[in-house]
Protein chains: 2
Amino acid sequence: MEDEISSFFESSPPQKNMEEILENLNEFIKLNSSSQGGRRIVCVTSGGTTVPLEQRCVRYIDNFSSGNRGAASTENFVKAGYAVIFLYRRGTCQPYCRSLPDDPFLECFEFSDKTNIQVHTSHLEAVKMAVMDQQTAVAEGSLLKLPFSTIYEYLQMLRLIAEALKDVGPCSMFYLAAAVSDFYVPWKSMTEHKIESGSGPLDIRLAQVPKMLSVLRSNWAPKAFCISFKLETDSKILMEKATKALRKYKVHAVVANELSTRKEEVVVVSSSGNVVVRRECDKPESFVEDNLIRLIVDRHSTYIKESHN
Amino acid sequence: MEDEISSFFESSPPQKNMEEILENLNEFIKLNSSSQGGRRIVCVTSGGTTVPLEQRCVRYIDNFSSGNRGAASTENFVKAGYAVIFLYRRGTCQPYCRSLPDDPFLECFEFSDKTNIQVHTSHLEAVKMAVMDQQTAVAEGSLLKLPFSTIYEYLQMLRLIAEALKDVGPCSMFYLAAAVSDFYVPWKSMTEHKIESGSGPLDIRLAQVPKMLSVLRSNWAPKAFCISFKLETDSKILMEKATKALRKYKVHAVVANELSTRKEEVVVVSSSGNVVVRRECDKPESFVEDNLIRLIVDRHSTYIKESHN
């Protein structure tokens with residue numbers, strides 16, 4: 001497995017602006033490790049990764065993920081006092097922006113004259129949250145946003161973050177909500193130019209993306225608290241798959257969710273048993289992440305205590 | 001070819017809210033056909049189409065397209081007096097919003113107190129354009145925005161628009177800037193559930209999407225002026241491919257563009273010869289679409305005159 005992983009990275013296109021990312025990352029971690037005896041830091045991954053089919057990329061395979069789970073979870077982690085490194089797919093839902101309409105500039109604002117802009121009262125709360133709460137979280141050093149698009153960018157940045165968080169130890173967490181591609185076209189076997197159409201069906205062979213979860217747990221950040229996700233469309237195989245992932249990757253818990261009910265409920269699968277977490281249906285403005293993050297934060301507290309004993 | 005096209009539509013998942021789309025479309029066309037002796041109406045398509053790999057879609061193939069071409073062209077068409085039906089991929093660049101930063105709610109605004117929002121002076125012009133110009137275009141009936149994501153949605157809506165525009169005749173135009181999938185998985189041969197990973201490489205066979213361009217020209221809107229696009233990554237084959245498309249689909253012009261230079265120049269290929277259109281490099285705020293649409297509008301005027309003779 002280790003040589004599969006190193007050959008994946010060796011054959012990946014190098015990540016642009018890596019130094020700048022590392023500098024921002026170290027500054028963010030230093031700020032939060034020294035303040036108030038050291039804050040807990042969580043890396044939340046969000047959105048889907050793309051798999052280019054051509055080096056000069058015109059077509060790619062994508063994983064459906066709106067980013068709502070990652071955005072809502074980030075808001076709850078910041079509320080619980082965490083500093084969040086938000087590793088997100090460009091263009092997906094942002095923390096504090098979930099209640100904005102799809103077309104915000106068409107629907108939320110009005111200019112009363114050439115310079116004075118107003119917010120429609122019906123969207124005032126949504127815009128205030130998107131502007132004030134988000135800016136406060138970033139300004140207070142509670143939120144660092146790092147965008148990705150391809151599977152190559154995602155895995156190179158995940159490794160970078162894991163190694164940068166190494167010294168934070170048990171107070172660091174990985175909350176891996178991103179929809180990571182299982183299959184890809186190795187960069188070196190990829191055609192350079194746009195695949196030509198017009199000559200009948202197209203056969204594509206995709207290799208398996210090496211599972212980085214085990215190396216994240218064993219090498220990159222062995223002391224971090226680690227939560228992974230398992231999404232299935234078929235509820236009959238969901239729990240079996242989530243339990244298998246728990247054992248195989250030795251994560252602390254797997255959040256199992258089914259595509260069609262994922263906004264209403266999830267199941268937290270761990271060695272201490274399975275816990276069903278639901279949205280509070282009697283509160284229309286509540287989200288399943290409100291209860292989910294409460295549970296995850298408690299488990300993290302127990303983990304930190306046990307690792308200090 | 002005709003039965004390939006009908007079997008494509010018969011096996012496609014039905015388009016949701018079709019009646020509502022048709023109602024808005026007919027209202028928009030009626031408003032613009034009766035006003036001032038009838039306005040020219042252009043359908044601009046923009047962004048890439050997705051090809052689902054599973055019926056309960058988790059993974060899909062996507063075509064890279066930011067939507068900048070379609071958005072910039074729409075602004076220029078409205079300026080030239082056209083009414084624009086903007087058929088766009090959800091989440092891509094919107095008309096009048098091109099100069100907004102990637103993260104507008106984090107970067108453009110500030111609340112001076114609980115209700116009064118201000119725009120940072122550095123972004124005032126960009127926000128004013130995104131709010132005022134866009135709202136004016138929609139309010140004046142010059143812009144109708146219709147979103148799509150999948151290849152099924154795109155082609156069903158393109159057919160709907162073409163048939164709705166039939167009576168507008170030579171005053172209607174199709175400006176097909178969208179990056180439409182060449183390959184797809186026929187819905188009926190698609191697996192229902194998420195493709196399982198963990199068992200070695202994945203082989204996918206993709207069928208060719210029937211080319212709708214010829215049926216758009218022959219049946220759906222035979223009198224409309226029709227512009228298609230050809231994007232290549234290899235400049236050596238671009239012109240040959242564009243010329244071939246011109247003859248094969250009998251469109252009025254093909255806009256040929258190469259991926260790495262597409263923002264600087266395009267070549268308009270037509271039976272009257274090839275014209276290179278460039279961005280005015282001495283004007284930093286100019287775009288290649290400013291000159292491109294001027295040329296296309298002229299050609300459309302000639303086409304209208306000739307069809308009335």
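The values are calculated or read from the model by the stated rules, or taken from the named source; none is laboratory data. Everything quoted here is computed from the prediction, not taken from an experiment. Ideal geometry is used to build each Cβ from the backbone, glycine not excepted, and the neighbour counts take in all protein chains shown. Ligands, DNA and RNA are excluded from the accessible area calculation, which covers all protein heavy atoms including side chains. Shrake-Rupley method; radii C 1.70, N 1.55, O 1.52, S 1.80 Å.
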Exercise. Identify all residues within segment A:125-142 that are outside any helix (DSSP H, G or I) and either in contact with a Ser or Thr (Cβ under 6 Å, 6 or more places away or on another chain) or open to solvent by less than 10 Å² (accessible area, probe 1.4 Å) (or both); write none if there are none.
Key: A:G141, A:S142
Quiz prompt | Those strands (runs of 3 or more DSSP E) lying entirely in segment A:1-112 with at least 2 residues farther than 22 Å from A:S228 by Cα | solution = A:59-63, A:109-111
Exercise. Have a look at B:S218, B:S260, B:S228 and point out the one that is of a type in the set (S, T, Y) and in a strand (DSSP E or B).
Key: B:S228
Quiz item: Checking A:I21 against (1) at pLDDT 95 or above; (2) farther than 30 Å from B:T233 by Cα, which test does it fail?
Solution: (2)
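Can you work out which of the residues in segment A:22-39 that are polar (S, T, N, Q) and touching a residue at least 12 places away in the same chain (Cβ under 8 Å) is least open to solvent (accessible area, probe 1.4 Å)? Can you show your working first?
Of segment A:22-39, the ones polar (S, T, N, Q) are A:24, A:26, A:32-36.
Add one more test, that the residue is touching a residue at least 12 places away in the same chain (Cβ under 8 Å), and what stays is A:24, A:26, A:32-33, A:35.
Details: A:N24: 63, A:N26: 74, A:N32: 2, A:S33: 52, A:S35: 33 Å².
If we take residues in segment A:22-39 being polar (S, T, N, Q) and touching a residue at least 12 places away in the same chain (Cβ under 8 Å), then A:N32 is least open to solvent (accessible area, probe 1.4 Å).
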Quiz item: Just a yes or no: is a residue in segment B:151-161 more than 9 Å from chain A (Cβ to nearest Cβ), over 30 Å from A:P201 (Cβ atoms) and open to solvent by 20 Å² or more (accessible area, probe 1.4 Å)?
Solution: no
Quiz item: Before we move on, is A:L165 in contact (Cβ under 8 Å) with a residue 60 or more places away in the chain, open to solvent by less than 30 Å² (accessible area, probe 1.4 Å) and over 30 Å from B:V119 (Cα atoms)?
Solution: yes
Quiz item: If you take the residues of segment A:40-56 that are away from chain B (no Cβ under 13 Å) and crowded, with 22+ Cβ neighbours inside 10 Å, which of them is nearest to B:G91 (Cα to Cα)?
Solution: A:S46
Quiz item: Out of curiosity, is A:A83 modelled with pLDDT of 95 or more and more than 9 Å from chain B (Cβ to nearest Cβ)?
Solution: yes
Self-check item: Every pair of residues 6+ apart whose Cβ atoms lie under 6 Å, when the first sits in segment A:231-259 and is more than 20 Å from A:G48 (Cα to Cα) while the second is outside any strand (DSSP E or B)
Solution: A:Y249/A:L213; A:Y249/A:S214; A:K250/A:R217
Quiz item: Which members of segment A:108-124 meet the condition of being more than 9 Å from chain B (Cβ to nearest Cβ) and either in contact (Cβ under 8 Å) with a residue 12 or more places away in the chain or open to solvent by less than 40 Å² (accessible area, probe 1.4 Å) (or both)?
Solution: A:H120, A:H123
Quiz item: Is it true that B:T233 is at pLDDT 95 or above, among the β-branched types (V, I, T) and surrounded by fewer than 20 Cβ atoms within 10 Å (Cβ to Cβ)?
Solution: no
Exercise. Examine segment B:184-195 for a residue that is crowded, with 22+ Cβ neighbours inside 10 Å, touching a residue at least 60 places away in the same chain (Cβ under 8 Å) and either assigned to a strand (DSSP E or B) or more than 10 Å from chain A (Cβ to nearest Cβ) (or both), and state whether such a residue exists.
Key: yes
Quiz item: Pick from A:V297, A:V275: which is outside any helix (DSSP H, G or I) and open to solvent by less than 60 Å² (accessible area, probe 1.4 Å)?
Solution: A:V275
Quiz item: Can you name the residue in segment A:57-74 that is without any contact (Cβ under 8 Å) to a residue 40 or more places away in the chain and more than 9 Å from chain B (Cβ to nearest Cβ) and is also surrounded by the fewest Cβ atoms within 10 Å (Cβ to Cβ) among such residues?
Solution: A:S66
